[in-house]
1. Counting only residues that are hydrophobic (A, V, I, L, M, F, W, C) and without any contact (Cβ under 8 Å) to a residue 12 or more places away in the chain, which one in segment 142-175 is surrounded by the most Cβ atoms within 10 Å (Cβ to Cβ)?
2. When you go through (1) among the basic types (K, R); (2) part of a helix (DSSP H, G or I); (3) farther than 29 Å from V174 by Cβ one by one for R86, which number turns out not to apply?
3. Look at P70 and say whether it is in a helix (DSSP H, G or I), without any contact (Cβ under 8 Å) to a residue 24 or more places away in the chain and either in contact with a helix residue (DSSP H, G or I) (Cβ under 6 Å, 6 or more places away or on another chain) or surrounded by fewer than 19 Cβ atoms within 10 Å (Cβ to Cβ) (or both).
4. Here is a list: T205, T229. Which entry is buried (at least 22 other Cβ atoms within 10 Å of the Cβ) and among the polar types (S, T, N, Q)?
5. Among the numbered criteria (1) farther than 13 Å from V138 by Cβ; (2) out of contact with any helix residue (DSSP H, G or I) (no Cβ under 7 Å at 6 or more places or on another chain), which single criterion is violated by L97?
6. Just give me the residues in segment 55-66 being under 17 Å from A131 (Cβ atoms) and either among the basic types (K, R) or buried (at least 16 other Cβ atoms within 10 Å of the Cβ) (or both), in sequence order.
7. List pairs: first in segment 33-52 and at pLDDT below 80 and among the basic types (K, R), second assigned to a helix (DSSP H, G or I) and buried (at least 16 other Cβ atoms within 10 Å of the Cβ), Cβ under 6 Å, 6+ apart or cross-chain?
8. Residues of segment 29-44 being part of a helix (DSSP H, G or I) and either out of contact with any helix residue (DSSP H, G or I) (no Cβ under 8 Å at 6 or more places or on another chain) or surrounded by fewer than 11 Cβ atoms within 10 Å (Cβ to Cβ) (or both), which ones?
Amino acid sequence: MRRRSFPPLLWIPAGIGFALLVLPLVGLVVRAPWAQLPGLLTETAVAQALGLSLGTALVSTAVSLVLGVPLALVLARSSDWPTVPRRLVRALVTVPLVLPPVVGGVALLLLLGRRGLIGQWLPVTIPFTPAAVVIAQVFVAMPFLVLAVEGALKGVDGRYEVAAATLGASRFTVFRRVTLPLVAPGVAAGGLLCFTRSLGEFGATITFAGSFPGTTQTLPIATYLQLQTDPDAAIALSLVLMLVSVVVLVSLRDRWVPGVTA
């Protein structure tokens, strides 16, 4: 098959765009204090931030899976809904993707703060606790999971589900034994994207959970604070975050971009 061509002139803006995206990462790698890296990553403050980020990101991903997969199923099966409610629900689910993270943090404070719409009735305080970190991460990361799983669900051949139902399987059995195995790659892709986004969350977390070392100071927040006092430590933390992101995106390239294969 003949390959599609494009005007050679487009190489210029394409090259500039590529350089704009890649050269900052190259600068980070080149200027990294590689010899001091092990020592920097084992410092108490850095180790605490790394452990907290990994722990909360795993919990956030688990919560997003439990809540996001059913939500994706509802959205994928909403073709018979009226147009306006369907579009409104999908828009509300995806708003955190485009909402400034700080605005998300403010919204969470107004909802779950001590004087929030729901927080004023709760027996415990949520803001500025590890639970607030998880909630902030779920708020910004779950839409990635929902979109990935919804796309996988829409690609499922419905005849398998119909056949299982015809053989007497209940709706839950069909979902558990037929639908979930078929969309497992999409769930895995969405889960990894959700984990990566949770690990890198900054704005909503610092607004809703604050920055208390060992309690709510996650890796991105520690990176920002270290940049003001210890640039080498900030670079080391940045490398960790970049490495995780690159590994996840490279491994999922053929699943989160339609029509692209590794």
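1. First pass over segment 142-175, keeping only residues hydrophobic (A, V, I, L, M, F, W, C): 142, 144-149, 152-153, 156, 162-165, 167, 169, 172, 174-175.
Imposing the further condition that a residue be without any contact (Cβ under 8 Å) to a residue 12 or more places away in the chain reduces the set to 162-163, 165, 167, 169, 172.
Numbers: V162: 12, A163: 13, A165: 14, L167: 9, A169: 16, F172: 8.
Of everything passing the filter in segment 142-175, A169 is surrounded by the most Cβ atoms within 10 Å (Cβ to Cβ).
2. (3)
3. Values: in a helix (DSSP H, G or I): yes; without any contact (Cβ under 8 Å) to a residue 24 or more places away in the chain: yes; either in contact with a helix residue (DSSP H, G or I) (Cβ under 6 Å, 6 or more places away or on another chain) or surrounded by fewer than 19 Cβ atoms within 10 Å (Cβ to Cβ) (or both): yes.
So P70 passes the test.
4. Working: T229 fails: buried (at least 22 other Cβ atoms within 10 Å of the Cβ).
So the residue among T205, T229 that is buried (at least 22 other Cβ atoms within 10 Å of the Cβ) and among the polar types (S, T, N, Q) is T205.
5. Among (1) farther than 13 Å from V138 by Cβ; (2) out of contact with any helix residue (DSSP H, G or I) (no Cβ under 7 Å at 6 or more places or on another chain), the lone unmet condition for L97 is (2).
6. Looking only at segment 55-66, we keep the residues that are under 17 Å from A131 (Cβ atoms), and these are 55-64, 66.
Result: T56, A57, V59, S60, T61, V63, S64.
7. The qualifying pairs do not exist here.
8. Narrowing segment 29-44 to residues part of a helix (DSSP H, G or I): 29-30, 34-41, 44.
Within segment 29-44, V30, W34, A35, P38, G39, T44 qualify.
The values are calculated or read from the model by the stated rules, or taken from the named source; none is laboratory data. Computed from a predicted model, the values in this text were never measured in an experiment. Note that we place each Cβ from the backbone using ideal geometry, even for glycine, and neighbour counts take in every protein chain shown.
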